[in-house]
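A short worksheet on the structure shown next.
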Amino acid sequence: MQTITTDNCIETGIAATIGMFDGVHLGHRCVLSYLKELAAARGLKSGVITFSQHPQHVLHPNGDLKMLMTLEEKLQSLSETGIDYTIVLDFTMELAKLSTREFLQFIKKQFCVKLLIVGYDHHFGHDRNLSFPDYQRIGEEIGVEVMQTPELDCELGHISSSVIRKLIENGEVAKAAERLSKPFKFAGEVVHGQQNGRKINFPTANIEIFDKTIIVPSNGVYAAKVKVDGKTYGGMLNIGVRPTVDNSGRKSVEVNIFDFNEDIYGHAIEVAVIAKLRDERKMNGLEELKAQLTIDKNNAIKILKDI
């Protein structure tokens with residue numbers, strides 16, 4: 001897959017689709033499979049037009065929309081689908097002001113788009129009152145065929161990034177993984193914490209997440225896969241305010257890595273969140289916390305052994 005971030009007209013022309021493609025989930029993959037079939041039938045290359053930042057982050061900069069993956073992760077996932085080109089646009093206020101006609105003219109001129117596939121509920125251009133027949137008419141007038149995706153037979157029914165975000169916000173990470181076709185993950189730097197876990201033989205790596213726009217699952221304890229310095233380990237992730245050992249109310253993200261005892265302060269760490277074990281709750285002292293964490297670890301090991 002070739003990534004295009006500047007004007008680069010593909011001589012053979014491309015059949016493209018457009019969207020944020022956050023998560024590159026099963027629904028997205030159904031659309032991309034359909035796109036590749038149409039492109040091949042017309043002798044065109046296949047392409048995805050996407051954005052370096054979510055339009056809502058530009059249009060509503062004070063909003064709290066969280067993302068499922070970084071741009072780099074999205075490009076990697078798109079490359080795995082067999083798409084020929086990914087066109088990455090910076091979503092700006094100037095781009096947002098383009099009409100449907102102006103946008104179609106732009107992608108035709110700059111990237112040689114000859115066929116554009118749009119979702120049944122997808123809109124582009126600032127003239128939001130237009131319907132799909134309007135898109136087709138305008139496309140015919142300027143030489144871009146516009147087609148609408150049919151109802152595709154996708155596993156698990158209708159899937160959207162917003163639905164997956166809601167699942168993760170609710171701690172339903174296993175259901176989210178089914179729709180993503182892989183576990184939800186995030187990355188960060190290991191930073192110093194209060195080291196309370198060491199007192200009960202459950203040392204944790206406290207994580208400062210790199211990208212603050214990435215969604216964080218709800219408070220609780222999770223089975224996880226942890227990648228450190230190129231190696232992957234089983235682990236137990238805690239997200240929350242640590243009510244048993246901390247009265248500050250500060251939220252933390254920390255992971256106990258199984259069979260691991262190395263100094264990794266300052267290292268990058270990647271955590272794949274596999275399944276929720278339980279909600280966070282306050283224990284009656286460190287001994288009760290230690291007993292519960294032992295149960296949690298055993299449950300996590302059972303879940304992770306087949307993954």
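Evaluate the charge dipole of the chain about its Cα centre and quote only its size in Debye, nearest 20, assuming +1 on the Cβ of each Lys and Arg and -1 on the Cβ of each Asp and Glu.
It comes to approximately 660 debye.
Among ILE257, ILE295, ALA187, flag the residue with its Cα farthest along the positive direction of the charge dipole of region 163-307, charges on Cβ as +1 for Lys/Arg and -1 for Asp/Glu. Farthest towards the positive pole: ILE295. Accessible area per residue was computed with a 1.4 Å probe on protein heavy atoms; ASP64 scores about 130 Å².
Spin-label pair HIS267-LEU59: with each label point 7 Å from Cα along the Cα-Cβ axis, the two points sit 4.3 nm from one another.
A 1.4 Å probe over all protein chains sorts THR232, THR204 by accessible area into THR232, THR204, starting with the largest. Ordering ILE303, ILE168 by accessible surface, largest first, gives ILE303, ILE168; the 1.4 Å probe counts only protein heavy atoms, with every chain in place.
Placing LEU78, LEU286, LEU44 in order of accessible area, with the largest value first and a 1.4 Å probe, yields LEU286, LEU44, LEU78.
Report, to the nearest 10°, how far helix 132-142 tilts away from the longest principal axis of the Cα atoms in the chain, using its own Cα long axis and a range of 0 to 90°. Computed tilt is about 50 degrees. Rounded if a/c is under 1.5, else prolate if a/b beats b/c, else oblate: with a ≥ b ≥ c from the C-alpha gyration tensor eigenvalues square-rooted, which is region 1-108? Verdict is oblate for region 1-108.
Protection proxy ranking of 248-255, 89-96, by the mean of other Cβ atoms within 10 Å over each peptide's residues and highest first, is 248-255, 89-96. Using only Cα atoms, find the angle between the long axis of helix 26-42 and the longest principal axis of the chain, and express it within 0 to 90 degrees, rounded to the nearest 10. So the inclination is approximately 30 degrees. A Förster distance of 22 Å, applied to the separation of the beta-carbon atoms of SER218 and GLN292, puts the FRET efficiency at 0.75. Computed over protein heavy atoms with a 1.4 Å probe, the accessible surface of the chain works out to 50 Å² per residue. Region 194-260 and region 1-79 have Cα centres separated by 32 Å. Have a look at THR86, ILE215, LEU75 and report the one farthest towards the positive end of the charge dipole of the chain, computed about the Cα centre with Cβ charges (Lys/Arg +1, Asp/Glu -1). So the residue we want is ILE215. Each Cα pair under 8 Å and six or more residues apart adds its sequence gap; the mean of these over the residue count of the chain is a relative contact order of 17 percent. Helix-only arithmetic for the chain: the sum of -39500 (n - 2.57) across DSSP H runs with n ≥ 4, divided by the residue total, places the mean residue ellipticity at 222 nm at -9500 deg cm²/dmol.
Using the beta-carbon distance between LEU95 and GLU280 and R0 = 41 Å, what value does 1/(1 + (r/R0)^6) give for FRET efficiency, to the nearest 0.05? Plugging the Cβ-Cβ distance into 1/(1 + (r/R0)^6) gives 0.45. Counting only alpha carbon atoms, the long axis of helix 100-111 and the longest principal axis of the chain meet at about 80°.
The values are calculated or read from the model by the stated rules, or taken from the named source; none is laboratory data. Keep in mind that this is a model prediction, so the values were computed, not measured. Positions of Cβ are backbone-derived with ideal geometry, glycine not excepted, and every protein chain shown enters the neighbour counts. Areas reflect the complete protein model, heavy atoms only, side chains present, ligands, DNA and RNA absent. Shrake-Rupley method; radii C 1.70, N 1.55, O 1.52, S 1.80 Å.
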